[in-house]
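First up is the structure itself, then whatever we jot down about it.
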Amino acid sequence: MDDRTITLEKIARSEAAVRPDAAALLGLWHFEKKEYPAAFLAFSTAVSSQPRFGFWAVAAWRSEWGAKPLPADFVAKAPLPSACFWAWTGKPDEGLAALKKAGTVAEKIHSFLEVYLKLLSLPPGPSSRPAEFRERLEELIWEEYGVSSDRTRNLLALYDAGNLAGVLAGLRPSLEQFFAVPPFSSVDYLWLLFLSGIGNLDFACISEALSELEHFPDSPGWKAQKAAAGQLLFYFFLLRAGLESFEKALKINPNFSKAVKNTHLVKKEKLELVELLKQFRVL
Amino acid sequence: MQRGARTTKKVAEKPVSSLVLRDDYSFDGITYRVETAYDDLERSWVVNFFQNNRLLSARLYRSDALGRDRAEAERAHGSESSVLLLALQLRSKLAGVKDSQAHLKLGYFFFVHQFYAEAEAELKAALAAFPDLAEVLFHLGSVCHRQGKFNQAVACFEKACALDSRYADYSNALGQVYLEEGKLEEAEKAFLSALEINPEYLDARLNLAQLYLDRVGQEGDGFLHKAEQLLKESFELLDPQASFPPINPTIHYDSLCRIFLDLKAKCNSRVDKSNLKAWCYLFNLAFRSGPELLSRTQLERYIERLYLENQFGFADLSNFLGVAYLFYARFFLAAAVDAPEGNDNLKWIKKISSKHAFLLGSLET
């Protein structure tokens, strides 16, 4: 077992693991290691801070247990991801019930699921389709694939022809996107060290983690967010190094008034600065 | 096996001293049987190391020759840490032996290697044998100074000055403790005394100039002119042929600081830690010009240098390094602003930046 794994296991057993942001990061780590039950539990802990983590929990769940129904307590606290899960399993009634619990959330996923689940619930054939539903579907397809793309025209033609299964198959990749779990990067690992205060955070390892980001495929904003987190880790490291230097000056000369003042000042401000740093969302 | 006192069987054939140190001593996985005849101590490789002034001075000045000297010493003595290890063993063997010279050398050795507690104990043992030896008091004072024991350091230096008034070093050292303590009048008196003993003592003159430069902000232009006069005298001492650099009256103080730094840099072969101090003052000068004007590269350079020198244990260097780290940190906050919008991340970064700006504004350089 390498040092990184030992440290992460230590963090997973520590009090820090109950922090939603730390739990989400630990979830990513478990997911990457294909430890899906542990990933599900970690993401479930994190779901209170961001509903997005609920989708990752569902991704972990279905990787381990497939279409097996989600636990009731999870459905209660993450109705939107649960609705997505039911959409994926092809159960519109359960999905629409979960979506109802989610309330009117002004999120893209909500309107997508509404249309997708409705499509699932409709009996095949052109006769039974409500007229206003086509407009909503059209709007959704436009948003997903553009107004005049071949794919848009094809999907609408399928719908008009009563081939609902074909439309659902066409929308399936968009549904899958919600379950996409990002990779666990070295920046995430170092952010966990920062959140938990466990392990060694030094300048070289932060530089290395930022260089590693280049090897990941880019997704909108992902790299920029990780890079910003890396810069904040550098900031934290320097803040700590500054304080250590003042303390060293004091150790050499306890009466050195400049060092006394600087140590006191940084000690006082550091607490608040670290709390503010922890508000940054690395995920 | 190395040369010197690492004798094995042959030691018995030599005139054996009253005390023979025998030790099994391991280094790099190899165990050596070391027998050191105490009377042969002066020829032993440990003491040989003490006498290797080039290495010691290289360590103090961090000259370019450091690497070469160290390599040479390692060839001769195994390695630096092995010598330190043996010195620690010798220390226990020397306990109870009344040899003030051995204790003094061992004490100085520990002092250079920043083993201050050991150095203090050895020097005190030397002092017990010769309580009126000014040299021992001077070294003990230096050890106490490094440990932050200011009262003891002052007592040692004062006694050394009283016992032997021939050495300006003692008064200069006393002045430096007072200067660091912020007791400026006492420091001034001590530096003046050092200059009275030796008017050509450049380090004391520069320390006095530094004291006046430090007081400029608080007590007006009188000190500025005193500092200028001292710098002119120092300049002449260093190079009587050269003309004093021109001073820009609108940045009088900064011009003097620059000259002070140049002088410190030029005389680093005469005074220990002067080059370290010079870096402090260069940094100070840069900060007085406005720390926000320092580029990232400049700060990196300062930090690198200060970090390297910081091992010598100077309180002001550590303080400067701390300030430099915190000023450097703001560049990373600025870089973090590239974070994508959403999640309130930018809001948090802006809050941190404003708090950090307040912190920087309150630091003491």
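Points to keep in mind about this one:
- Any chance residue A:204 is at pLDDT below 90, over 24 Å from the mean Cα position of the chain (by Cα) and more than 7 Å from every other protein chain (Cβ to nearest Cβ): yes
- The single residue among B:137, B:211 that is farther than 30 Å from residue B:226 by Cα and away from every other protein chain (no Cβ under 14 Å) turns out to be B:137.
Residues checked against (1) part of a loop (DSSP other than H, G, I, E, B); (2) hydroxyl-bearing (Ser, Thr, Tyr); (3) surrounded by 13 or more Cβ atoms within 10 Å (Cβ to Cβ):
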{"site": "A:132", "(1), (2), (3)": "no, no, no"}
{"site": "A:140", "(1), (2), (3)": "no, no, yes"}
{"site": "A:159", "(1), (2), (3)": "no, yes, yes"}
{"site": "A:189", "(1), (2), (3)": "no, yes, yes"}
{"site": "A:194", "(1), (2), (3)": "no, no, yes"}
{"site": "A:199", "(1), (2), (3)": "yes, no, yes"}
{"site": "A:217", "(1), (2), (3)": "yes, no, no"}
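- Total residues in region B:228-253 satisfying the condition of being more than 29 Å from the chain's Cα centre (by Cα) and polar (S, T, N, Q): the figure is 4.
- Taken as a whole, the condition of being within 18 Å of residue A:236 (Cβ to Cβ), more than 7 Å from every other protein chain (Cβ to nearest Cβ) and surrounded by 14 or more Cβ atoms within 10 Å (Cβ to Cβ) applies to residue B:331.
- 1 or more residues of a type in the set (S, T, N, Q) and touching a helix residue (DSSP H, G or I) at 6+ places or on another chain (Cβ under 6 Å): qualifying helices (runs of 4 or more DSSP H) within region A:34-92: A:36-46, A:52-65, A:79-89
- Region A:149-171: number of residues that are among the hydroxyl-bearing types (Ser, Thr, Tyr) and under 14 Å from residue A:129 (Cβ atoms): 1
- Among residues of region A:38-66, those that are under 14 Å from residue A:22 (Cα atoms) and in contact with a Cys (Cβ under 9 Å, 6 or more places away or on another chain), counted: 0
- Qualifying residue in region A:207-224 (condition: touching a residue at least 12 places away in the same chain (Cβ under 8 Å) and at the interface with another protein chain (Cβ under 9 Å from one of its Cβ atoms)): yes
- Scanning region B:334-347 for residues that are surrounded by fewer than 20 Cβ atoms within 10 Å (Cβ to Cβ) and part of a helix (DSSP H, G or I) gives B:334, B:335, B:346, B:347.
- Subset tally (residues that are over 18 Å from the mean Cα position of the chain (by Cα) and either surrounded by fewer than 16 Cβ atoms within 10 Å (Cβ to Cβ) or within 14 Å of another protein chain (Cβ to nearest Cβ) (or both)) for region B:165-185: 6
- Sub-6 Å Cβ pairs linking a first residue in region A:253-264 that is at the interface with another protein chain (Cβ under 7 Å from one of its Cβ atoms) to a second residue that is part of a loop (DSSP other than H, G, I, E, B), at least 6 apart or interchain, are A:253/B:148; A:254/B:148; A:258/B:364; A:261/B:364; A:262/B:363; A:262/B:364, ordered by first then second residue.
- None of B:296, B:258 is touching a helix residue (DSSP H, G or I) at 6+ places or on another chain (Cβ under 6 Å) and modelled with pLDDT of 70 or more except B:296.
- Hits in region B:348-365 (condition: more than 27 Å from residue A:227 (Cβ to Cβ), in contact (Cβ under 8 Å) with a residue 40 or more places away in the chain and either more than 7 Å from chain A (Cβ to nearest Cβ) or assigned to a helix (DSSP H, G or I) (or both)): B:365
- Count - residues of region A:267-283 that are part of a helix (DSSP H, G or I), facing chain B (nearest Cβ under 7 Å) and in contact with a Phe, Trp or Tyr (Cβ under 9 Å, 6 or more places away or on another chain): 4
- Residue within region A:67-83 that is of a type in the set (Phe, Trp, Tyr) and closer than 24 Å to residue A:110 by Cα present: yes
The values are calculated or read from the model by the stated rules, or taken from the named source; none is laboratory data. Not measured: the values here are computed from a predicted model. Every residue, glycine as well, gets a Cβ built from its backbone with ideal geometry; the counts of neighbours run over all protein chains shown.
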